[in-house]
């Protein structure tokens, strides 16, 4: 049973919007594109295990994706957590191509791709820390302690995995081996520890304390607010800014008409600048001159507002997906 779905990362949403609203020759465009590509690879790598997780009996397994919890003064993240009444499994997914060699002497993972070797952080250390932090989190919330196992999944089926350490072969697998690996853990830990109410309490507290990361991409990439392209984009040809003609947004280039194009633009505003917006900021971002039109839009989309006159601040309704 999936108790927390895997969301489409807000970081990826923000990077996509940032690229759409920067000039193509902007100095930060190459690095943003590279980071977006890596983030998408990571996300699709994580999704690649969902097929195998769906093969598990739903009445015995509770699946929670993309967790970020706080304990002892810091946050820790878990790609996927499996809970049963006998044990928990932390699954870390790596979408890596080529050949990966686990060097236990220097605690690094070496990737060989296209004849080039790259040293990467050792995911066995990463999951060991996640296991330790999750134990502390359970203890902090006075929850029953259960056996915790960790699995590292290499999601690319063509990646060659190498290591001289036998323990690595017990922990690092390809996605297709996931059901078999979970079955092995089941057979090794047959004793029930948690009651149904215990599992429900753990899941309830996890969902309550889960704190998704919501970074500012403008701050991270040192992009000034004034560098963001303004206006409503045509969904067909990307021309901007669209004009308001007889109650619709009209593209003079391809003649496409849209009733709700401003909603797409305002969601992009939310991803870049946050949920708060004034009438003047809306006019400026959408490139409209009519205060009456701005007021109508805000009265339609905002979920609450504070202040009076030009200082009135509205809250946009968009949330993390």
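The values are calculated or read from the model by the stated rules, or taken from the named source; none is laboratory data. Every value quoted in this text rests on a predicted model; they were computed, and no experiment measured them. Cβ sites come from the backbone with ideal geometry, for glycine too, and all protein chains shown count toward neighbours.
Of the residues making up the stretch 1-10, those that are surrounded by fewer than 19 Cβ atoms within 10 Å (Cβ to Cβ) and either within 9 Å of the chain's Cα centre (by Cα) or part of a strand (DSSP E or B) (or both) are 2, 3, 4, 6, 7, 8, 10. Answer yes or no: is there a residue in the stretch 256-266 that is surrounded by fewer than 13 Cβ atoms within 10 Å (Cβ to Cβ), more than 25 Å from residue 32 (Cβ to Cβ), free of Cβ contacts under 8 Å to residues at least 60 places away in the same chain and outside the structural domain of residue 68 (by TED's automatic domain parsing). Yes, there is a match, as at least one residue in the stretch 256-266 is surrounded by fewer than 13 Cβ atoms within 10 Å (Cβ to Cβ), more than 25 Å from residue 32 (Cβ to Cβ), free of Cβ contacts under 8 Å to residues at least 60 places away in the same chain and outside the structural domain of residue 68 (by TED's automatic domain parsing). Is it the case that some residue within the stretch 29-44 is surrounded by fewer than 17 Cβ atoms within 10 Å (Cβ to Cβ), assigned by TED's automatic domain parsing to the domain that holds residue 64 and not in a helix (DSSP H, G or I)? No, because not a single residue in the stretch 29-44 is surrounded by fewer than 17 Cβ atoms within 10 Å (Cβ to Cβ), assigned by TED's automatic domain parsing to the domain that holds residue 64 and not in a helix (DSSP H, G or I).
Report the residue count in the stretch 160-174 for those that are within 29 Å of residue 71 (Cβ to Cβ) and surrounded by 15 or more Cβ atoms within 10 Å (Cβ to Cβ).
The initial filter retains those residues of the stretch 160-174 that are within 29 Å of residue 71 (Cβ to Cβ), namely 167-168, 170-173.
The next check asks that each one be surrounded by 15 or more Cβ atoms within 10 Å (Cβ to Cβ); those that pass are 168, 171-173.
Final tally of qualifying residues: 4.
Is there a residue in the stretch 214-222 that is at pLDDT below 90, under 31 Å from the mean Cα position of the chain (by Cα) and farther than 23 Å from residue 25 by Cα? Full working, then the answer.
To start, the set of residues in the stretch 214-222 that are at pLDDT below 90 comprises 214-215.
With the extra rule that they be under 31 Å from the mean Cα position of the chain (by Cα), the set shrinks to 214-215.
Filter again for farther than 23 Å from residue 25 by Cα, leaving 214-215.
Among the residues of the stretch 214-222, at least one is at pLDDT below 90, under 31 Å from the mean Cα position of the chain (by Cα) and farther than 23 Å from residue 25 by Cα, which makes the answer yes.
Of all residues in the stretch 302-321, those satisfying the criterion of being part of a loop (DSSP other than H, G, I, E, B) and within 29 Å of residue 5 (Cβ to Cβ) are 302, 303, 316, 317, 318, 319, 320, 321.
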